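This report refers to the structure that appears directly beneath it.
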Amino acid sequence: MPTIANRVAGFSTTIFTEINELALQYGALNLGQGRPDFDGPPDVIQALIDGLRNPTVNQYPPGAGALSLRKAISDHTARFYGMDVDPQKGVLVTAGATEAVFSSILGIVDRGDEVILIEPYFDSYLPNLAFIGATPVYVPLHPPNWTFDPDELRRAFTPKTRAILLNTPQNPTGRVFSRDELTLIADLCKEHDVIVISDEVYEHLVFDQAQHIPIASLPGMFERTLTVSSLGKTFSVTGWKIGWLYGHPSLVEGASRAHQFVTFSANHPAQIAAAYALSLPGTYYEEFQSMYTVKRDLLMKALTNAGLKARQPEGTYFIMADFSDIFDGDDIEFARYLTTEIGVACIPPTFFYSHEHAHMASTQARFAFCKSDEMLQQVGERLGKLTR
Ligand code: GLN
């Protein structure tokens, strides 16, 4: 008896789970999955505990999300980006950003439509397209600076293109797309009448002079963009799985219809705490960025000292590093070697590529720095064992 549908037969366990298991088995310092090893802010945790004391909060919220959270998302968008989002019809709360991206695709894209993926892309996007029978069209980012070739981008747009999936700040490269890059994407979307699904979960994780620009804030783009974000990265509570999307009500409508039958609603008490978290003053966000700047610098130093060519990320909590000066082999071999022999786990970026382009990052490794400063220092010591 076949027990697995064709739809999922080709899927293996995600690389994050695989590396977590390997890291555990070998006692490696785990810089694989982007999973903070420190807790979220105590007052945000307290807001969740307080939420649990309210009996109505222990029952279903409105499917679109608790109104207090939808209002907080609308206020947050106005505060940081000057965009006017309707909390009633322009926001949808989901079970994490992963569901927000999937519900957006379900609500917008039809079987046979083409969807542009900027490669490397986050690992759930491609299975999401496969579920509905949409066709991915790839536009690679070229190392070492991870920029796209404008002509390659232009060529990806065809009469069948329905949407482009964007991720900025970008996992795994750490790129924050510039206004010029976003403007080119926006112009092509307007020219070809294409919708943008923009995954911006690292919106507050930007460093130095980098500025996160939601593509929805560019002229003429609000009407054709669904913006996705979440609580997990910004408040170090990835386990709460509270995400959302916002945009023009006509676009949110499709995603909302899908969401009703994917999860119906997301965890209610965590939504109440999320509304509290989003209303924290600017100092929270500034301290958050300073904390991560220290961590980024620690890991940059550790990787560079060990002979890897690490690219300083403008955003996210990931560093991509080229190991070809110190290791002969591909990224999967390197990740296995580093985890089992050196005791530092990382993610091979091959899993962020289509099969045909998997070789493009075969000398790269992705390291997460959402870890204690002590661990990042220890990583430096362990990487000292690498020999050139
Ligand atoms: N976003 C996390 C990362 O890239 C992983 C989330 C997951 O495991 N699906 O590390």
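Taking Lys and Arg as +1 and Asp and Glu as -1, the other residues whose beta-carbon sits under 13 Å from that of Glu341 total +2. Amide hydrogen proximity for Ala134: with H placed 1.01 Å from N in the peptide plane, the residues at 5 or more positions away or on another chain lying under 5 Å are Gly112. In order along the range 13-20, the phi-based Karplus estimate (6.51 cos²θ - 1.76 cosθ + 1.60, θ = phi - 60°) of 3J(HN,Hα) comes to 4, 5, 4, 5, 5, 4, 5, 4 Hz; Gly and Pro are listed as x. Assuming a ≥ b ≥ c are the square roots of the Cα gyration tensor eigenvalues, decide whether the range 38-91 counts as rounded (a/c under 1.5), prolate (otherwise, with a/b larger than b/c) or oblate. Oblate shape, in that a/c is at least 1.5 and b/c is the bigger or equal ratio. Where both bridge residues fall in the chain, DSSP classifies roughly 50% of the beta bridges as antiparallel. Per residue, the chain exposes 42 Å² of accessible surface when a 1.4 Å probe is rolled over the protein heavy atoms with every protein chain present. Backbone amide hydrogens, once placed in the peptide plane, bring Phe148 within less than 5 Å of His142, excluding anything fewer than 5 places away on its chain. To the nearest Å, what is the center-to-center distance of the range 344-388 and the range 317-335, using C-alpha atoms only? Their Cα centres are 6 Å away from one another.
Listed values for the range 236-248 are Karplus-derived 3J(HN,Hα) couplings in whole Hz (6.51 cos²θ - 1.76 cosθ + 1.60, θ = phi - 60°), namely 6, 9, 5, x, 6, 6, 10, x, 7, 9, 9, x, 5, and x replaces Gly and Pro.
Taking a straight Cα-Cα cut-off under 27 Å and skipping sequence neighbours fewer than 8 places away in the same chain, the lysines within cross-link reach of Lys190 are Lys89, Lys160. Between the range 208-222 and the range 42-72, what is the separation of their alpha carbon centroids in Å? Rounded to whole Å, the Cα centres lie 30 Å apart. For the listed peptides 195-201, 23-29, a ranking on the average number of other beta carbons within 10 Å per residue, highest first, reads 195-201, 23-29.
For the range 295-351, the alpha-carbon coordinates run over 27, 25, 19 Å along the three principal axes, in decreasing order. The phi-based Karplus calculation (6.51 cos²θ - 1.76 cosθ + 1.60; θ = phi - 60°) puts the 3J(HN,Hα) values of the range 172-179 at x, 7, x, 6, 10, 5, 7, 4 Hz, whole numbers, x for Gly and Pro. The packing ranking of peptides 284-292, 336-344, highest mean first, is 336-344, 284-292, where packing means the average number of other beta carbon atoms within 10 angstrom of each residue. Calculate what fraction, in whole %, of the accessible area of the range 85-243 sits on carbon and sulfur atoms when a 1.4 Å probe is rolled over the protein chains. The value for the range 85-243 is 49 percent carbon and sulfur by accessible area. The rule of thumb for compact globular proteins, 2.2 N^0.38 Å, goes into the C-alpha radius of gyration of the range 109-184 1.08 times. Over the chain, Cα pairs under 8 Å with separation of 6+ residues give a relative contact order of 24 percent. Our summary gives the range 42-109 a relative contact order of 25 percent, counting only alpha carbon pairs under 8 angstrom and 6 or more residues apart.
Ordered by 1.4 Å accessible area with all protein chains kept, Tyr138, Tyr317 run largest first as Tyr138, Tyr317.
Computed over the chain, the convex hull of the alpha-carbon atoms projects to a mean area of 19.5 nm². Accessible surface of Trp240, taken over heavy atoms with a 1.4 Å probe and every protein chain present, rounds to 50 Å². For the range 156-206, trypsin sites (Lys or Arg not before Pro) meeting the loop criterion (DSSP other than H, G, I, E, B) and having at most 16 other Cβ atoms within 10 Å: Lys160.
Under the shape rule built on the C-alpha gyration tensor, where the axes satisfy a ≥ b ≥ c, the range 283-385 is oblate, since a/c reaches at least 1.5 while a/b does not exceed b/c.
Extending 7 Å from the Cα toward the beta-carbon at both Val262 and Ser124 defines two label points whose distance is 0.8 nm. Can you classify the range 84-242 as rounded, prolate or oblate using the Cα gyration tensor, where a ≥ b ≥ c are the square roots of its eigenvalues, rounded means a/c under 1.5, and otherwise it's prolate if a/b beats b/c and oblate if not? In terms of gyration-tensor shape, rounded. For His248, the amide hydrogen comes within under 5 Å of the amide hydrogens of Thr225, counting only partners 5 or more places away or on other chains and with H modelled in the peptide plane.
The values are calculated or read from the model by the stated rules, or taken from the named source; none is laboratory data. Remember, it's a predicted structure, so these values are computed and weren't measured experimentally. Quick reminder, even Gly has a Cβ in these numbers, built from the backbone with ideal geometry, and neighbours come from all protein chains shown. When the accessible area is computed, the model is the full protein with side chains, heavy atoms only, and any ligands, DNA or RNA have been set aside. Shrake-Rupley method; radii C 1.70, N 1.55, O 1.52, S 1.80 Å.
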